[in-house]
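> The structure is given below, and queries will be raised subsequently.
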Amino acid sequence: MTDKEFNVNDISINDLDKIAEIWLETLPYNIKAIIGKKIIINYINEIFESSICLKKGIYKFNKLHGFVFFGNDEDIIKKLFLQNFTYIIFCFLKDLLKLKFKKMSCYVDVSIYLIVSFLKKRKAENSSELLIIAVSKNKQNNNLGSILITESLKDNYFAKIDKISVVTLKSAKENINFYEKNNFKIIDNIYGRVLLELSF
Ligand SMILES: CC(C)(COP(=O)(O)OP(=O)(O)OC[C@H]1O[C@@H](n2cnc3c(N)ncnc32)[C@H](O)[C@@H]1OP(=O)(O)O)[C@@H](O)C(=O)NCCC(=O)NCCS
């Protein structure tokens, strides 16, 4: 496989199902995947409705193999939570009644993380967040994730941006390695996660 066979473009909402498929396949323990596909679809819809989000996909012959979203997570999560409050509580109670302890520990872990990160929040001007990046499982480790980042950074969206941040689990050594390989630097630890930044 050569890099030239792939091209990075803006993603269209027509790829929504493929994005959700890649997300569920590659990030099954992500909290949104744990709550369910409906939340992932609603999150993606929020991203597409937001004028301040950049959505890029890596394609080969019009087939999507990976995607990356940039934007402001707090705004999207707030909206998502308020609009899906009843559904999220329903899913939580359903998992609680079924004694799904692994899922329960995820809900608790993410809730504590959100509180801690909110308290630690440093509002930065001219910055953006890498919200999520994922490459189809059978195409990983072929440089596609790195191409997605490098090509996305050429977009005019970043003209006035000084800094991009991303959060990943401290235990996800491969992800940390991936971001460092793409020039992100670790700047903080927040409740089992590391915060990395790419400064221009
Ligand atoms: C993280 C991810 C986007 C990287 O994309 P990629 O195309 O596999 O990465 P690249 O080929 O450009 O870079 C490879 C490097 O990434 C790291 N890496 C991260 N996840 C990896 C994986 N699942 N398989 C192989 N390498 C991975 C490796 O350490 C590798 O470093 P090396 O070249 O020193 O060996 C992709 O592996 C993925 O979709 N993972 C699952 C979803 C995820 O965890 N996303 C990040 C959190 S939002």
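> Could you count how many residues in region 157-174 are near the ligand (Cβ under 8 Å from one of its atoms) and either hydroxyl-bearing (S, T, Y) or under 19 Å from I19 (Cα atoms) (or both)?
Number of matching residues: 1.
> Right, another one. If I go through region 94-146 residue by residue, how many of them are more than 30 Å from H65 (Cα to Cα), in contact (Cβ under 8 Å) with a residue 60 or more places away in the chain and basic (K, R)?
Going through region 94-146 one residue at a time, the tally reaches 1.
> What are the residues in region 95-142 that are at pLDDT 90 or above, under 17 Å from K163 (Cβ atoms) and either part of a helix (DSSP H, G or I) or away from the ligand (no atom under 14 Å from the Cβ) (or both), if any?
S127, S128, listed by residue number.
> Would you please name the residue that is modelled with the highest pLDDT, looking only at residues in region 60-79 that are exposed (fewer than 15 other Cβ atoms within 10 Å of the Cβ) and assigned to a helix (DSSP H, G or I)?
Only one residue fits best here, namely K78.
> Just to be sure before I move on: is L130 touching a Leu at 6+ places or on another chain (Cβ under 9 Å) and farther than 22 Å from L24 by Cα in the structure I sent?
It is false that L130 is touching a Leu at 6+ places or on another chain (Cβ under 9 Å) and farther than 22 Å from L24 by Cα.
> Here are some conditions: (1) among the hydrophobic types (A, V, I, L, M, F, W, C); (2) on the phi > 0 side of the Ramachandran plot; (3) surrounded by 14 or more Cβ atoms within 10 Å (Cβ to Cβ). L99 meets all but one. Which one does it not meet?
(3)
> To continue, here is another question. Which residues, taken from region 1-49, are farther than 20 Å from G145 by Cβ and charged (D, E, K, R)?
D17, K37, K38, E46, E49
> Next up: Just give me the residues in region 147-185 being surrounded by 19 or more Cβ atoms within 10 Å (Cβ to Cβ), among the hydroxyl-bearing types (S, T, Y) and not in a helix (DSSP H, G or I), in sequence order.
S165, T168
> Still on this structure, I have one more. Let me spell it out: the conditions are (1) at positive phi; (2) away from the ligand (no atom under 11 Å from the Cβ); (3) not small (G, A, S), and K154 meets all of them except one. Which number is the exception?
Tallying (1) at positive phi; (2) away from the ligand (no atom under 11 Å from the Cβ); (3) not small (G, A, S), K154 fails exactly one: (1).
> Which number in (1) crowded, with 16+ Cβ neighbours inside 10 Å; (2) more than 13 Å from the ligand (Cβ to nearest atom); (3) among the β-branched types (V, I, T) marks the one condition that I52 misses?
Tallying (1) crowded, with 16+ Cβ neighbours inside 10 Å; (2) more than 13 Å from the ligand (Cβ to nearest atom); (3) among the β-branched types (V, I, T), I52 fails exactly one: (1).
The values are calculated or read from the model by the stated rules, or taken from the named source; none is laboratory data. The structure displayed is predicted, hence computed values, not measured ones. We place every Cβ from the backbone using ideal geometry, glycine too, and count neighbours over all the protein chains shown.
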